[in-house]
Amino acid sequence: MLLLLLVSVIWAFSFGLVPRLTGLDGAFIAAARLAVALLVFLPFLRLRGINTRTRFTLAGIGAVQFGLMYLAYNESFRFLKSYEIAVFTLTTPILVTLLADAFDRTLRASALFAALLAVLGGAVIVVKATPAPGALVGVTLVQLSNLAFALGQVLYRRWRTATAVATIRDRDVFGLLYAGAFAVTLPFSLLRTHFTALTLTLPNVAILLYLGVAASGVGFFLWNRGATQVSAGTLAAMNNAKIPLAVACSLVVFGEQAELTRLFCGGALMAGAVWLARRQAG
């Protein structure tokens, strides 16, 4: 659990840093940070004894958990503030629970109720008398991001705990996940990014390095490794340890403005949904 807590602190700052990458589109940010993460883990990559099927399996998991997740996540910053995005990631543990149940061929009505309660909490936060343009689009993008991240966690945890791969170290193969993720994000960046007009300032480079090395590289590695050491219920709950930290960073460190009453009420409903999902999962 200590690994998951450490990563939560690292991730808390990343929510407020992404909007500071002015002039860079979301697909480029996703591809750049994943390219950096891939470079970090390339020296540790050991493919001897790993069959082709396993290689493609891991690359596919990375393509979903990191690649598709970041494409949707970065795009959501066009419509929402960073603290709102942080709050809306509260549904990730519910999705982890639902997906884990689906793979185990079970269905819990309480988990579905928790999902509906989380949706209600999100509505309290974004549905205003004069809602921001595209707010619902932003919420949808965050939920797609949550779904991709949750699915990747469940798939990696199931693969890692299989007896057939018990002797494979995480660091030996984690580069494959980043390779799959980069392979997904690169085409989107090539289509959308105007490279002739691209200008990277020193602050932009510093932020991309932090996001690539710390948040995406070391962070995801430690998170997936920690996910294999705890139960599915604990993993679902730890997905939200970063939320209060991220909201605090966005409001206090990065100076974003929020309707605190609406944020508190909506967040309380979503937190209740998470508690319900965790209680039933435990």
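State all residues of segment 158-186 that are in a helix (DSSP H, G or I), without any contact (Cβ under 8 Å) to a residue 40 or more places away in the chain and within 18 Å of Ile61 (Cα to Cα); if no residue qualifies, say none. Break it down into steps so the answer makes sense when it comes.
Of all residues in segment 158-186, those in a helix (DSSP H, G or I) come to 158-160, 163-165, 170-186.
Still in the list and also without any contact (Cβ under 8 Å) to a residue 40 or more places away in the chain: 163-164.
Answer for segment 158-186, where residues must be in a helix (DSSP H, G or I), without any contact (Cβ under 8 Å) to a residue 40 or more places away in the chain and within 18 Å of Ile61 (Cα to Cα): just Ala164.
Could you list, in sequence order, all residues of segment 138-189 that are over 20 Å from Ala100 (Cα atoms), hydroxyl-bearing (Ser, Thr, Tyr) and modelled with pLDDT under 85?
Across segment 138-189, the qualifying residue is only Thr167.
Within segment 190-220, how many residues turn out to be part of a helix (DSSP H, G or I), in contact (Cβ under 8 Å) with a residue 24 or more places away in the chain and closer than 19 Å to Leu71 by Cα?
Of all residues in segment 190-220, those part of a helix (DSSP H, G or I) come to 190-192, 195-197, 202-220.
Within this subset, residues satisfying the condition of being in contact (Cβ under 8 Å) with a residue 24 or more places away in the chain are 191-192, 203-204, 207-220.
Filter again for closer than 19 Å to Leu71 by Cα, leaving 191-192, 204, 207-217, 219-220.
Qualifying residue count for the region: 16.
Please go through segment 40-60 and pick out each residue that is of a type outside the set (Ser, Thr, Tyr) and touching a helix residue (DSSP H, G or I) at 6+ places or on another chain (Cβ under 8 Å). Before the answer, list the steps.
Applying the first criterion (of a type outside the set (Ser, Thr, Tyr)) to segment 40-60 yields 40-51, 53, 55-56, 58-60.
Listed by number, the residues that qualify are Val40, Phe41, Leu42, Phe44, Leu45, Arg46, Leu47, Ile50, Arg55, Leu58, Ala59, Gly60.
Out of Leu80, Leu47, which single residue is within 17 Å of the chain's Cα centre (by Cα), farther than 21 Å from Gly219 by Cβ and assigned to a loop (DSSP other than H, G, I, E, B)? Walk me through it before giving the result.
Working: Leu47 fails: within 17 Å of the chain's Cα centre (by Cα).
Just one listed residue meets the conditions, Leu80.
Quick check on my filter: what residues within segment 20-56 are surrounded by 17 or more Cβ atoms within 10 Å (Cβ to Cβ) and not hydrophobic (A, V, I, L, M, F, W, C)?
Passing the criteria: Asp25, Gly26, Arg33, Thr54.
Would segment 73-93 turn up any residue that is at pLDDT 80 or above and surrounded by fewer than 18 Cβ atoms within 10 Å (Cβ to Cβ)?
yes
Go through (1) within 27 Å of Phe103 (Cα to Cα); (2) modelled with pLDDT of 85 or more; (3) surrounded by fewer than 22 Cβ atoms within 10 Å (Cβ to Cβ) for Asn204 and report which single condition fails.
Tallying (1) within 27 Å of Phe103 (Cα to Cα); (2) modelled with pLDDT of 85 or more; (3) surrounded by fewer than 22 Cβ atoms within 10 Å (Cβ to Cβ), Asn204 fails exactly one: (1).
Which one of the conditions (1) out of contact with any Leu (no Cβ under 7 Å at 6 or more places or on another chain); (2) of a type in the set (Phe, Trp, Tyr); (3) in contact (Cβ under 8 Å) with a residue 24 or more places away in the chain does Tyr83 fail to meet, given that it meets all the rest?
All conditions are met except number (1).
Just to be sure before I move on: is Thr22 among the polar types (S, T, N, Q) and part of a helix (DSSP H, G or I) in the structure I sent?
Values: among the polar types (S, T, N, Q): yes; part of a helix (DSSP H, G or I): no.
When the stated conditions are applied, Thr22 does not pass them.
The values are calculated or read from the model by the stated rules, or taken from the named source; none is laboratory data. Because the structure is a prediction, the values reported are computed rather than measured. Ideal geometry is used to build each Cβ from the backbone, glycine not excepted, and the neighbour counts take in all protein chains shown.
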